[in-house]
Amino acid sequence: ALASLLCNHLLDRYSIYIQSINYPTVERGTERLRIAPTPYHTSEMIDHLVDALKHVWQDVGLTLHGVEKQQKQHTKYMRHHAQQ
């Protein structure tokens, strides 16, 4: 599965362990990555993760299309809830 491939690349190339969630836990075609940040993860570690995710995402032929839209929706959501 693609999620497992991404996780293997992250571990092999960047020493980052992320768990893939595969069938039968989720339906085929909806596999995903489980990212579990903790208070012990520094800003630098998170930046490293983001950079690594971008690289492995593109290495396996995926695009980052839609990421900017998601970021805008998240910002709008956070602003709306901050006003309440």
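Note on the stretch 1-21: residues that are assigned to a loop (DSSP other than H, G, I, E, B) and modelled with pLDDT of 95 or more amount to 4. The set of residues in the stretch 22-52 that are modelled with pLDDT of 95 or more and aromatic (Phe, Trp, Tyr) contains only TYR40.
Looking across the stretch 20-50 at every residue that is of a type in the set (Ser, Thr, Tyr) and surrounded by 10 or more Cβ atoms within 10 Å (Cβ to Cβ), the one that is farthest from HIS9 (Cα to Cα) is identified as THR25.
The values are calculated or read from the model by the stated rules, or taken from the named source; none is laboratory data. As the structure is a computational prediction, the values presented were derived from the model and not from experiment. No Cβ is skipped: glycine too gets one built from the backbone with ideal geometry, and neighbour counts run over all protein chains shown.
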